[in-house]
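The values are calculated or read from the model by the stated rules, or taken from the named source; none is laboratory data. Since the structure is predicted, the reported quantities are computational estimates derived from the model, not experimental observations. Because the Cβ atoms are built from the backbone with ideal geometry, glycine has one as well, and the counts that use them run over all protein chains shown.
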């Protein structure tokens, strides 16, 4: 008997979801520098190579209602530690595979990471390909070893997000992470994450991944 | 998910020491960490931090809310009046209704229509004359008396009896006919200013609730939820009950609107039923869950009482009690007749009604005047009417004058101009006020504006002021009401109840303890205290700093509300009820989304920063190993400059190497760390650490294969150490290392909870040894030992093993150095071992004889060889073999063997001779046992077995010599094996001779250089000595046969024993070399 009216426009309430992100790529392509730029908006010309896996978090607001928190695992790029990488990408919701646009071989390495991720990682993992050190090419165009079009074509056929970035100038760094956040299944993750203060953060439980992935409909679903 | 990616989580039972299950999944979220800390940005802390800064993103907003209630009694055409009445504020008869709640001089009524305009208004007579059901009944040219149109932000229209609720067909109708509501909605839409929208709608049979919002307010409205509760027939039917709407304004303020129609009737049962109806509405109303301003989802819906502001209106049906209806009608019509021109029909009707009653009343009054004094019952001054109704209710407590008296007095006084006086005399009889006072209904904080208007029920339809002239002549009553309540009102009530309970309990306690008078005293105190006399209502005392009008909302925002108007519209003629409405001025905090987004972004950034800065962090320092004591080794043992992990240097069999890690908490918060399990990879094995490393974290041993290690918590500035020990003692591992199937190269992962993972590469350089090799390979080892051979190879051990892996799984690796190889006739290592043992055994026996011969007979101690025939090879003699010292000694001797250095000198000088001998014996046994082919190979054994079988079955029993020769013929095919056997047997012969007196005597005579082949013949045979010798010989033969002779595995225990016996027999042939005779 009671008729209901729902106010149109804004969907009610905020959404918050937490996702695990892993950075992979050859040594010295700038993985840690990208994270440093993203998290602290800093750049360090002489960074020591990462031994182990650095862990940081960063929250970004997609709009006034949607918050995405990244839990970032920045892994060591050295070949020696390759066998440990599965620990970090295994439960990851998204991955950034980085190469150095001035080193052609680093793209080959990146491709092998993508291949490994597509074979071994979470099947719904969102992968972004980042060609870093764009600043070097801006200064000296002849330093470029990987053509944008080539990498872009590869990214398209492998269904990857693609950006040429510079951790040094901050070019495309925020854009890269925002693009990833927008592709993540925030709706599903946040629904589980927001049941109450005791609720576990969303987007982490592999066990429910099938269910989460199965339900269609991206963020912004309106229940009016 | 890719199939191979699916990795089963370890079963929970295996999770031992470290905190959570998730901890065991490397790279998993570390959920348990710091959840209590304020710095971690989970959703809750983020929301709280944003909420704490709410003042930055809310802005006060002022709106007017108009709540109207009207029982239209299913009169046709009533909807034609709704726009004029409710939206435009028309139809108020100023003479019959106090207009404004507060003093007219106050400033907030800017838009009140000027009184001047009222002069043009249609008079009552002509209004009534054109009364028709198809048209609006409102007076023409009425400019409206109270705010309306676009001055109002929210119009809340509560109607009752939009359909005939007494009709059976309506009650049983399974659906709501939308045309009824549409009729009203159309009428509202036609009257409202452009842009107003319907934000909530709910209907339950006759009750229809419609809420409209101005464009500016509509965008702030969220979480609309409407419900209905039927309390009518059988307690559940919808002919009575309520429809309710909850809205949230500006993300901050909850409003609830209740449109109810309670049970009718004048008797006591009906009154109680009304109270019950109201209680049911409260108990059964439940709204849909909402997200609060912190974005949290409610798990269950809110109810009436959870809101910040509630408005309860409708036909509550409370009557005037204890007073004859006729009297009231007559009294009130004295007032209403002034509205008419006396020639009018309505006026005549009123006059006749009045006449019929007056005489009787006058008579009654005259009787009573002599009894009651005039002054005691004088009503309060009209000025008090501006006060809240509850205070006026309280003030009536002492008025016990018979009710009729007041009415009669007023009638007699014939002062119809004092409407206020009349109303105030009637209000004490209002059942609703009485029930509120008795706490039977609407008591928990509900309040009502002052009633300055005539009872809204019951009139002749079409008339402005003719009270029911039909047969029933129903008594006029204020059936239709608008109550309201703030959150603060409700809380104040609850506090008051709590205090009363406390006082009562205290009183009961005192009474129980015998102080009966205490209670009485208090009662007297209460009697003396008259809230009315004190002026201001007592509840106001409880509001301290918050300010008199501030209502703190459920979510901590500060709002306020003020009632501006509360009046009936007397000149609406289309129903037998008059509509009434109330105008409230509400100030609420409104969330500005843009500002909130900004605060949100700032807070998130701060939390991230704080979280990352307060992330635990440790520094892992590998304690660099200075090569001092071991500097003598040719191969540099210090860390290669390029290697940043733990370098163990050269690792040899059985020798321990230790390295240390220092873990310092270099962060700002306490840090808990542990070693975690690594995945099995190309150069890593599973577990916390490879099997070859014994990991001790802060003096607590961690089994390297377990899934979880001890965790250690360090405060900032503290350090802990981890010890890594390598000791390859396990033959399987040693063999794998020797064969290059395994390397001392791995990575440990140290995890700081909530922080990063540290990778610690560990590496060592394995020094190959001679254990487990074949004789063919042993003989190719040049002078200087296998160590020399290893060093000669380019790239050392690692490149060698690599080439082996690439070259296929050949176990019999070529250790050949490049060119001209000098091949020994027999393994040099075996020769050195046997001669060293032989010699040392001789010295041990001699020393024993010397130290024990002088002892007295009573204290005679048996020599170990007297108790153990296989001495010194019997493991029972090796009492120290499980000690570290033994392992170290074994490692040293083994190393000397590999380096082609003197064996005995490699042992620590403080080690007793007996122990030295045992260590050597142990090494020899290991050497023989792990020799890959054996001195007598499996194929040779097959031949020997055949030979023996033949011998046993032949008629002639061959002599020992003949048998031995036959066996030697077989062995001679592989000379190095033959010589190796001789090394062993001659050593055994020599030891047997040393330890059995007969032979020793003889041997003493014939001194021979050690290590050469000896032949001796048996001498006199003393039976006891022979027995001793025989047992020693057999024991030795049995022991060595097992390690010297290789054979295929035999299934049954019986067969195994048979084979062992045969092997021993063969060895006996060689030990009885001199007895062939």
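Side notes on the structure shown:
- Test: residue in the range A:180-197 that is at pLDDT 85 or above, part of a helix (DSSP H, G or I) and farther than 23 Å from residue A:90 by Cβ: yes
- Residue within the range B:149-163 that is in a helix (DSSP H, G or I) and more than 24 Å from residue B:222 (Cα to Cα) present: no
- Filtered by the rule that a residue be touching a residue at least 60 places away in the same chain (Cβ under 8 Å) and part of a helix (DSSP H, G or I), the range B:948-961 gives B:948, B:960, B:961.
- Taking the criterion of being within 25 Å of residue B:676 (Cα to Cα), free of Cβ contacts under 8 Å to residues at least 40 places away in the same chain and either more than 10 Å from chain B (Cβ to nearest Cβ) or over 13 Å from the mean Cα position of the chain (by Cα) (or both), the residues of the range A:57-87 that qualify are A:80, A:81, A:82, A:83, A:84, A:86, A:87.
- Residue B:238 meets the conditions (1) closer than 30 Å to residue B:476 by Cα; (2) in a loop (DSSP other than H, G, I, E, B); (3) more than 12 Å from chain A (Cβ to nearest Cβ) in every case but one. The failed one is (3).
- Hits in the range B:586-618 - residues which are facing chain A (nearest Cβ under 7 Å) and surrounded by fewer than 21 Cβ atoms within 10 Å (Cβ to Cβ): B:593, B:597, B:601, B:612
- A count restricted to the range B:918-947 and to residues that are outside any helix (DSSP H, G or I) and either over 60 Å from the mean Cα position of the chain (by Cα) or under 18 Å from residue B:972 (Cβ atoms) (or both) stands at 5.
- Qualifying residue in the range B:995-1013 (condition: modelled with pLDDT of 75 or more and either surrounded by fewer than 20 Cβ atoms within 10 Å (Cβ to Cβ) or in a helix (DSSP H, G or I) (or both)): yes
- Whichever residue in the range B:425-443 is surrounded by fewer than 20 Cβ atoms within 10 Å (Cβ to Cβ) and not in a helix (DSSP H, G or I) and, among such residues, is nearest to the chain's Cα centre (by Cα): B:443
- Any hit, the range B:261-268, residues being surrounded by 21 or more Cβ atoms within 10 Å (Cβ to Cβ), out of contact with any helix residue (DSSP H, G or I) (no Cβ under 6 Å at 6 or more places or on another chain) and either in contact (Cβ under 8 Å) with a residue 60 or more places away in the chain or within 14 Å of another protein chain (Cβ to nearest Cβ) (or both): yes
- Taking the range B:743-752 as the range and being surrounded by fewer than 21 Cβ atoms within 10 Å (Cβ to Cβ) and either farther than 18 Å from residue B:644 by Cβ or more than 10 Å from chain A (Cβ to nearest Cβ) (or both) as the test, only B:743 passes.
- Residue in the range B:56-63 that is at pLDDT 90 or above and surrounded by 22 or more Cβ atoms within 10 Å (Cβ to Cβ) present: yes
- Taking the range B:1026-1049 as the range and being surrounded by fewer than 18 Cβ atoms within 10 Å (Cβ to Cβ), in a helix (DSSP H, G or I) and out of contact with any helix residue (DSSP H, G or I) (no Cβ under 8 Å at 6 or more places or on another chain) as the test, the residues that pass are B:1027, B:1030, B:1031.
- Qualifying residue in the range B:208-221 (condition: touching a helix residue (DSSP H, G or I) at 6+ places or on another chain (Cβ under 9 Å), in a loop (DSSP other than H, G, I, E, B), modelled with pLDDT of 90 or more and buried (at least 22 other Cβ atoms within 10 Å of the Cβ)): no
- If only residues of the range B:756-767 that are facing another protein chain (nearest Cβ under 9 Å) and either surrounded by 24 or more Cβ atoms within 10 Å (Cβ to Cβ) or touching a helix residue (DSSP H, G or I) at 6+ places or on another chain (Cβ under 9 Å) (or both) are counted, the one that is farthest from residue B:696 (Cα to Cα) is B:757.
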